[in-house]
Amino acid sequence: MANNAGQDDFQTKLQNWLPKIVLSPSIAAMVVFVYGFIAFTVYISFSDSKMLPSYDWIGLANYTKLWKLSHWWVSITNLAVFATLYIGICTVLGLSLAILLDQKIRGEGMLRPIYLYPMALSFIVTGTAWKWILDPGIGLENTMHQWGWESFHFDWIKDRNMAIYTVVIAAVWQTSGFVMAMFLAGLRGVDNEILKAAQIDGASNWRLYRRIVIPMLRPAFLSAFVILAHLSVKSYDLIIALTGGGPGRATEVPATFMYSYTFTRNSMGIGAASAVIMLMTIAAIITPYLYAELKEKK
Amino acid sequence: MSNVTQDTAVRTSTFTRIFIYGLLILFAAYYLMPLFVMIVNSLKPLSEITSGNMMALPEVWTLEPWRQAWSKAQIGIEPTGLKPYFVNSLLIVIPAVFISTIIGAINGYVLTKWRFRGDTLIFGALLFSCFIPFQIVLIPMAIVLGKLGIAGSIPGLVLVHVVYGIGFTTLYYRNYYAVFPTELVRAAQIDGAGFFRIFWRIMLPISGPITVVSVIWQFTNVWNDFLFGASFAGQEQPMTVALNNLVQSSTGVKEYNVHFAGAILAALPTLLVYIVAGRYFVRGLMAGSVKG
């Protein structure tokens, strides 16, 4: 009897502990591979690591050096230009397409997947395709010439001042359909009764959307912004495939900067410092959002 | 004058509707154009591309670029085509997707049905890890993979993708299980069902839709990954890295038709998955991202 009770007790205890035991490998992996690694990279950013990691503390020297590099300034300026246009155009295009698609369109079921499929592709594929489409020799410029528009000129991808905009073109192509889907989901959640009431009051369609519908899409705007902002800071593959950071350094961004300083230019300390700045940028965007989301749930 | 459709609240005139359809079709053309260019030009001989028009259909149809891209093209130093790299990608993707999805399901189950002090904090920390720029982990990961003796190997990449995938899979399952009535779990518990029994018999049977989402998400992410593949793959490169090597190679004539065929080959698995199950993916993705 007593023995049995002891066993039951053990069983209950095990059942109580089991969920935590089962969760612990994930927690351990997260602590080591995410937060431990972040701490390690932060440490490296304060060390004099060159080709190999070194543990000699040199304080903020890497950060001071980093902010004196014109290469880094080119990278962050490009990121600012790219992110602003990418987020702006994706949002406007995504919202417009969603509103247009929400007008009881026949064939919506066919159009939606057409708008969305690019997001299934790898940025390397997108980059490869757009690289040749934007190439003046065989791409769009050549095609326009063949169709008789002889003066058509479009060589941004070879132009130092314009190349960053070609990255925007390809990135918008890839993601705007996804943003459209987010807004469409938001629009489908808007109560039709409110719209009908406003229309009876004589509101025009334009006013209806500007005053009532779009303000109701606030959560979708927020999600779209957070996703696009973090994607733009992380963007690496597309630039490698489309321009390789060139011509010259014209399309370098922090992600390509970090990679080349860390692995090919033997300046691991500076590379780590740039990675820390990338992380802080994303954290500044993500943390308030996650905090609000998680708090709301409680 | 105005064309009132029955169940939409917003009324639009016939003229406006024609305009809307025109715009929507124009955008459909914009999204389809690159795919059209890739397919059409992958079926042309090279001479037709360099002298011709990228929007024109082939005058001579040929599958040779596809054969080249698949089994003959020079990638790096070996003329192997993309085939072995395609296989590498499959060998990385299948275990990585399987393992991260299972872990995500169990984590989601624990975090919603066996709540404990601090579980929101753990979930928050896990969620934050979904968004980190991976540049922040490249250096220590290279060292750790070396120490574990799996640098430059497929198991190494599987580990990397599992570790950075469980944040997302946990998020999906947690949101999905959160709306499942906890009373049913408690009732089963009173009837004597244990932790795993409840998971197998109650939670898993209802998990179909979210598993589709998790699998598709992980499949696309891992298949499309370039950064980890380029950093840690060594000789066992995945498809994206090989495609980039093929396209960027500076030796010889640029064989655009082969590049296009290779790009489609790299895109094919995710496109297929998207075509077959895309509807569920979008539905689930919305549930995940809009609801948080």
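Within segment B:241-256, work out how many residues are in a helix (DSSP H, G or I) and in contact (Cβ under 8 Å) with a residue 40 or more places away in the chain. Let's see the steps before the verdict.
Step one: list which residues in segment B:241-256 are in a helix (DSSP H, G or I), which gives B:241-248, B:256.
Among the residues that remain, those that are also in contact (Cβ under 8 Å) with a residue 40 or more places away in the chain are: B:241-243, B:245-246, B:256.
Counting residues in segment B:241-256 that are in a helix (DSSP H, G or I) and in contact (Cβ under 8 Å) with a residue 40 or more places away in the chain gives 6.
Looking for something among the charged types (D, E, K, R), part of a helix (DSSP H, G or I) and within 23 Å of residue A:182 (Cα to Cα) - is there at least one such residue anywhere in segment A:236-258?
Taking every residue of segment A:236-258 in turn, none turns out to be among the charged types (D, E, K, R), part of a helix (DSSP H, G or I) and within 23 Å of residue A:182 (Cα to Cα).
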Could you list, in sequence order, all residues of segment B:129-152 that are outside any helix (DSSP H, G or I) and at pLDDT 90 or above? B:132, B:133, B:134
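With the structure loaded, tell me whether residue B:154 is in contact with a helix residue (DSSP H, G or I) (Cβ under 9 Å, 6 or more places away or on another chain) and more than 9 Å from chain A (Cβ to nearest Cβ) or whether it fails that test.
On the way: in contact with a helix residue (DSSP H, G or I) (Cβ under 9 Å, 6 or more places away or on another chain): yes; more than 9 Å from chain A (Cβ to nearest Cβ): yes.
Judged against the criteria, residue B:154 is a match.
Can you tell me which residues in segment A:68-117 are within 14 Å of another protein chain (Cβ to nearest Cβ), over 19 Å from residue A:187 (Cβ atoms) and within 15 Å of the chain's Cα centre (by Cα)?
A:79, A:83, A:89
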Is there a residue in segment A:106-116 that is of a type in the set (Val, Ile, Thr), within 25 Å of residue A:232 (Cβ to Cβ) and crowded, with 20+ Cβ neighbours inside 10 Å? no
Exception for residue A:72 within (1) buried (at least 18 other Cβ atoms within 10 Å of the Cβ); (2) aromatic (Phe, Trp, Tyr); (3) touching a strand residue (DSSP E or B) at 6+ places or on another chain (Cβ under 9 Å) falls at (3)
Which residues, counting only those in segment B:126-148, are at the interface with chain A (Cβ under 7 Å from one of its Cβ atoms) and more than 23 Å from the chain's Cα centre (by Cα)? B:139, B:140, B:143
Name, by its number, the condition in (1) part of a helix (DSSP H, G or I); (2) surrounded by fewer than 20 Cβ atoms within 10 Å (Cβ to Cβ); (3) charged (D, E, K, R) that does not hold for residue B:174. (2)
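Can we say residue B:98 is within 8 Å of chain A (Cβ to nearest Cβ) and out of contact with any strand residue (DSSP E or B) (no Cβ under 7 Å at 6 or more places or on another chain)?
Numbers: within 8 Å of chain A (Cβ to nearest Cβ): no; out of contact with any strand residue (DSSP E or B) (no Cβ under 7 Å at 6 or more places or on another chain): yes.
No; evaluated as a whole, the condition is false for this residue.
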Kindly indicate the residue of segment B:214-236 that is part of a loop (DSSP other than H, G, I, E, B) and modelled with pLDDT of 90 or more and also nearest to the other protein chains (Cβ to nearest Cβ) among those meeting that condition. B:226
Being surrounded by 14 or more Cβ atoms within 10 Å (Cβ to Cβ), modelled with pLDDT of 85 or more and in the same structural domain as residue B:242 (by TED's automatic domain parsing) narrows it down to one residue among B:107, B:41; which is it? B:107
Which condition number in (1) of a type outside the set (Ser, Thr, Tyr); (2) within 30 Å of residue B:46 (Cα to Cα); (3) in a loop (DSSP other than H, G, I, E, B) is the one that residue A:172 fails? (3)
Among what's in segment B:172-213 and is more than 13 Å from chain A (Cβ to nearest Cβ) and of a type in the set (D, E, K, R), pick the residue that is farthest from residue B:90 (Cα to Cα). B:191
Taking the stated definitions as given, is residue B:98 without any contact (Cβ under 8 Å) to a residue 24 or more places away in the chain and out of contact with any His (no Cβ under 9 Å at 6 or more places or on another chain)? yes
Flag if residue A:150 is at pLDDT below 85, of a type in the set (D, E, K, R) and part of a helix (DSSP H, G or I): no
Residues satisfying the stated conditions in segment B:48-64, i.e. away from every other protein chain (no Cβ under 13 Å) and either charged (D, E, K, R) or not in a loop (DSSP other than H, G, I, E, B) (or both): B:59, B:64
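Is it true that some residue in segment B:53-62 is within 17 Å of residue A:128 (Cα to Cα) and without any contact (Cβ under 8 Å) to a residue 24 or more places away in the chain? Show your work before the answer.
The first filter runs over segment B:53-62 and keeps only residues within 17 Å of residue A:128 (Cα to Cα), leaving B:54-55.
Then drop every residue that is not without any contact (Cβ under 8 Å) to a residue 24 or more places away in the chain, which leaves B:54-55.
Looking through segment B:53-62, at least one residue is within 17 Å of residue A:128 (Cα to Cα) and without any contact (Cβ under 8 Å) to a residue 24 or more places away in the chain.
The values are calculated or read from the model by the stated rules, or taken from the named source; none is laboratory data. Not measured: the values here are computed from a predicted model. Note that each Cβ is placed from the backbone with ideal geometry, even for glycine, and that neighbours are counted across all protein chains shown.
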